[in-house]
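Everything below concerns the one structure shown next.
The values are calculated or read from the model by the stated rules, or taken from the named source; none is laboratory data. Not measured: the values here are computed from a predicted model. Cβ placement follows ideal geometry from the backbone for every residue including glycine, while neighbour counts extend to all protein chains displayed.
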Amino acid sequence: MNRTQVVEQLPALRRYARVLTGDAWAADDLVQDTLERACSKWLLWRAGSDLRAWLFTLMHNLYLNQVRAQPPSPHLDVDGLRDSLQGSDGMHDDALDLERCLQRLPAEQRAVLLLVTLEDMDYGDVARILGIPVGTVMSRLSRARSRLRLLMERAPDAPTAAGNHPDPDAPTGQPTPLRRLK
């Protein structure tokens with residue numbers, strides 16, 4: 001393993017960590033921890049094997065260890081507070097909606113969805129990284145896609161308390177189409 005090979009994987013590691021943790025600072029810390037672990041365990045990597053999969057496996061295991069070590073925190077339902085929070089009067093930001101919906105997926109579904117769609121990994125690699133059978137990868141991916149589709153759907157705006165009708169230019173109840181970003 002040489003430095004160039006590892007550096008080439010940094011954007012993908014950071015992208016995955018960012019969506020996995022939902023926080024830029026935590027993502028940077030997770031990438032740093034992953035690189036430290038890779039440096040200390042480099043003898044375990046077999047030359048000729050997939051470095052990318054090995055690094056993602058290290059990252060995934062570190063993330064799970066960090067989640068397990070954290071005491072449970074009270075869950076704040078931001079969606080329930082929507083009416084009491086002030087926001088801009090503009091259109092919804094689809095990128096923020098997607099990120100919020102991704103964070104609402106169960107961690108095991110989110111991990112599979114991100115590795116397959118965001119990192120463009122095949123099912124076999126994802127199964128090795130997560131330590132699960134390929135069939136489980138396919139099942140979790142299917143459930144994650146279905147759940148994300150439901151979360152991304154927007155209910156039609158209801159009339160206001162004063163009896164006004166919703167804005168005809170407001171987004172409809174149609175789901176926002178998702179597209180693959182590279």
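A few comments on the model shown:
- Sole exception among (1) surrounded by 15 or more Cβ atoms within 10 Å (Cβ to Cβ); (2) at pLDDT 90 or above for Ala53, by number: (2)
- A count restricted to the range 29-47 and to residues that are part of a helix (DSSP H, G or I) and surrounded by 11 or more Cβ atoms within 10 Å (Cβ to Cβ) stands at 11.
- The listed residue being free of Cβ contacts under 8 Å to residues at least 12 places away in the same chain and farther than 17 Å from Leu115 by Cβ, out of Arg37, Arg68: Arg68
- Val19 being in contact (Cβ under 8 Å) with a residue 60 or more places away in the chain, closer than 20 Å to Leu114 by Cα and touching a Lys or Arg at 6+ places or on another chain (Cβ under 9 Å): yes
- Just so you know, in the range 1-13 the residues that are in a helix (DSSP H, G or I) and surrounded by fewer than 16 Cβ atoms within 10 Å (Cβ to Cβ) include one that is nearest to the chain's Cα centre (by Cα), and it is Pro11.
- Restricting the range 90-102 to residues that are outside any loop (DSSP other than H, G, I, E, B) and farther than 21 Å from Ser139 by Cβ leaves a set whose member that is modelled with the highest pLDDT is Arg100.
- In the set Leu118, Leu141, Leu130, only one residue is under 28 Å from Asn61 (Cα atoms), crowded, with 16+ Cβ neighbours inside 10 Å and at pLDDT below 90; that residue is Leu118.
- Options Gly87, Gly124, Gly135, Gly80; residue that is outside the structural domain of Gln5 (by TED's automatic domain parsing), of a type outside the set (Phe, Trp, Tyr), over 23 Å from Gln9 (Cα atoms) and modelled with pLDDT of 90 or more: Gly135
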